[in-house]
1. Give me the mean projected area, in nm² to one decimal, of the convex hull enclosing the Cα positions of the stretch 100-147.
2. I need to check one value: relative contact order of the chain, counting alpha carbon pairs closer than 8 Å and at least 6 residues apart, in percent.
3. Assign unit charges at the C-beta atoms only (+1 for Lys and Arg, -1 for Asp and Glu), then state the dipole size of the chain relative to its Cα centre in Debye, rounded to the nearest 20.
4. Could you state how much accessible area residue 178 has, in square angstrom rounded to the nearest 10, with a 1.4 Å probe and all protein chains kept in place?
5. Please report the antiparallel percentage of DSSP beta bridges with both residues in the chain, rounded to the nearest 5.
6. Determine the shape class of the stretch 348-465: with a ≥ b ≥ c the square roots of the Cα gyration tensor eigenvalues, call it rounded for a/c under 1.5, and otherwise prolate if a/b is greater than b/c, oblate otherwise.
7. Which sequence of 431, 452 reflects their accessible areas, 1.4 Å probe, from the largest down?
8. Would you calculate, for the chain, the mean residue ellipticity at 222 nm contributed by helices, counting each DSSP H stretch of 4 or more residues as -39,500 (n - 2.57) and dividing by all residues, to the nearest 500?
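The values are calculated or read from the model by the stated rules, or taken from the named source; none is laboratory data. Fair warning: this is a prediction, and the values are worked out from it, not measured in the lab. Here the Cβ positions follow ideal geometry from the backbone for every residue, glycine too, while neighbour counts run over all protein chains shown. These accessible areas exclude ligands, DNA and RNA; they are computed on the full protein's heavy atoms, side chains included. Shrake-Rupley method; radii C 1.70, N 1.55, O 1.52, S 1.80 Å.
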Amino acid sequence: MYSLREIQETVQQTAEAIAEALQIEVEIADENLVRVAGTGRYKEGCSQKLEGFVYSHVVKTGQSVVIDQPGCHQLCRPCSLWGMCSETAEVVVPIRLEDKTLGVIGLIGFDVAQARRVLERKDSLLRFLEKMADLISGKIDQHWQDKKREALSRKLVTVLNLLHDGILVVNEHKLIIHHNQIGAQLADITAGQQVELPQIMDDKKLWKAIEKGEVFSGQVRSRRGAVQWYCDALPIITGQVVEGAVIVLKDVHQIKRLVQDTTVSDIATEFSQLIGNCGRIRELKELASRVAASSSTLLIQGESGTGKELLARAIHQSSKRKNNAFIAINCGAIPESLLESELFGYEEGSFTGARRGGKLGKFELAHNGTVFLDEIGDMPLHLQVKLLRVLQEKRVEKIGSARSTPIDVRVITATHRDLEKMVASGEFREDLYYRLNVIPLSIPPLRERKEDIPLLTQHYLDYYSGVLGKHVAGMTPDAAAILSRYSWPGNVRELANVIEYAVTMTTGEYISSEVLPKRIKTEQKIEVASGSLNLKVLEREAITKALEEAVAQGNKDNAAKILGISRATLYRKIKEYRIAERKFFS
């Protein structure tokens, strides 16, 4: 590992300094007894292999040796010049590092005067030579530490240059002292250029946090104008003193592209995946495929579980926007206090709890793509005003911002509620309703297209058989009849859940009526005075039965799963139909 030859120039300088100070010749050899440095007659023989019996002894033992009669000393006996040595005195000390002898320093006299000086001062000479040996070992250790640091630095630079983020290191005077390749590109720094942080960005908020020893995260604007970055900055603190910062820059447009790539990869829905052959479904798919190519706002109406989002995704996938983001928001599942910030984003400090640097809203993230607003009927009135402005002006304004950002987004909305009645009662804005209802699409509930139940059943049988690793060929006639008679308040989603349950529970090749959930086998038909079915009565009855079954199973949250609807929808229905919650949630 360590080698004196790696610092041969330093070793030679040390040998010459010793010889100059003591007026005695010096020879330095490594652990293999190869001369590395020398003075006088030894200077020209560097890299020469020495016979060196005394040196060999010192390398092996790690102990210093003083010889007053070279050629007659016991250690010199194997030498060919035994009894005829031209040397008059010799002092040899080991060069050691980490308990290993790296070589030796030899101090050699060739006349009586030199021999007398060596012997008279041998103790002080030993201490002096040991200090010189420590100096050399320190130099070789420093050399290796430098090599390790250089290797580590090269590795770190390689890693930093592999990152997709820009890295800037600034000192306490805001001078950029290091950067990776992406950092140089983002900040427009050329090689060797001295650049201060304020020259490339508006750093006031960032540096205020750094001076306090705090981490900064947020958006910063480039001095070049429209360029905007998302920035993380970490102070470099030694003791109690801030000595600079490490700054990570992300291009906001790159973040948007990443969101786009993530959301687009999740979209694989085509109209062929909308299963059904009844007349209303065929008409729906034909109409949806025609309007997909436009950018008109669409309103999809249908009960929970009918596949409104599936239809919206298929429309997006068939449009010119298919290579851009599709972002879905359920307006009924997000608390009213958070919905505005989710849709439109916010600036830093715009409200208590707003994170540093602000946040991009879903409309900005969906630029050039599609935003799907499910359960639009649950959107609060004050947000309806803001949504209307976005649709009309094609610009979005963050909470707490005085600026608006242009966007190109197609909006598809969906609801299970009767928006016309909500408009009449003042629960929904009339102007927004007409702005959303440019092209209405209506998905029929499953009970109104029962001829599709066998097709849907076989689709989900094949799917869940593959997922669960079972071979289920089909349904027995009595089981299929039960599925056809059931009213399906949870629609296609409920049917899918029932088939998953049945495939899980069955032990045979065909699903029999015995493995079907109890609720669909015991449903009672409720007749009204007119002789037709009352949907609200049926829905209330289905929710009540699902709650009873979920409580019997010991998990009340299963009611939503049984019905094939979300928990938010379940609780809203319970409130709407004034179902006695205490009976089930005590």
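1. In nm², the orientation-averaged hull projection of the stretch 100-147 is 4.0.
2. 8 percent.
3. In debye, rounded to 20, the chain gives about 1840.
4. 110 Å²
5. 75 percent
6. Values: a/c = 2.50, a/b = 1.67, b/c = 1.50.
Taking the square roots of the gyration eigenvalues as a ≥ b ≥ c, the stretch 348-465 is prolate.
7. Order by accessible area, largest first: 431, 452.
8. Calculated at 222 nm, the ellipticity per residue is -13000 deg cm²/dmol.
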